[in-house]
1. Only four residue types carry charge here, +1 at the Cβ of Lys and Arg and -1 at the Cβ of Asp and Glu. Report the dipole size of the chain about the Cα centre in Debye, rounded to the nearest 20.
2. Tell me, what is the FRET efficiency for Met1 and Lys28 to the nearest 0.05, using R0 = 25 angstrom and their Cβ-Cβ distance as r?
3. How far, in nm, would the chain grow between Gln45 and Asn66 when pulled straight, counting 0.36 nm per residue and subtracting the alpha carbon separation?
4. Starting at the first residue of the stretch 41-50, write each ³J(HN,Hα) from the Karplus equation 6.51 cos²θ - 1.76 cosθ + 1.60 with θ = phi - 60°, in whole Hz, x for Gly and Pro.
5. Please report how many Lys pairs in the chain have alpha carbons closer than 22 angstrom, counting only residues at least 8 apart along the chain or sitting on separate chains.
6. Which ³J(HN,Hα) values in Hz, rounded to whole numbers, follow from the phi angles of the stretch 25-36 under the Karplus curve 6.51 cos²θ - 1.76 cosθ + 1.60, where θ = phi - 60° and Gly and Pro get x?
7. Near the amide H of Trp69, under 5 Å away, which other amide H atoms are found, from residues 5 or more places off or on another chain, if H is placed in the peptide plane?
8. Taking the stretch 1-63, which trypsin sites (Lys or Arg not before Pro) meet the DSSP loop condition and have no more than 11 other C-beta atoms within 10 Å?
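Here, each number is a calculation from the coordinates, and none is a lab measurement. Keep in mind that this is a model prediction, so the values were computed, not measured. Ideal geometry is used to build each Cβ from the backbone, glycine not excepted, and the neighbour counts take in all protein chains shown.
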Amino acid sequence: MLVWMLRKVMADRGIWSGAALARLLKEKAGYEISAPSISALLNGQPKQMKADTLDALCTALECTPNDLWVHTPPSQKKET
């Protein structure tokens, strides 16, 4: 399972709001994103994402896709 870690990555960098993230995306990556799109990224795990959006997030937050998503293998049932 993939776990969306955007809020943690933002917090680690002292970014506490969607508006601050939008400003950072525009300043560092030249990427504009709508308020509803920012809200969707902050309030749930994306089911799909444009490569441009992922690239802009990584550029603005100085991270990699591996920082934004953490893979957790499914639990294995123990045989008894």
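1. 260 debye
2. Given R0 = 25 Å and the Cβ-Cβ separation, E is 0.25.
3. 6.1 nm
4. For the stretch 41-50, the Karplus-derived couplings read 5, 7, 9, x, 7, x, 8, 8, 8, 5 Hz, x marking Gly and Pro.
5. 6
6. 4, 5, 5, 8, 10, x, 10, 9, 9, 6, 4, x
7. When sequence neighbours closer than 5 places are left aside, the close amide H contacts are Met5.
8. Here the trypsin sites (Lys or Arg not before Pro) that fit, given the DSSP loop and packing criteria, are Lys47, Lys50.
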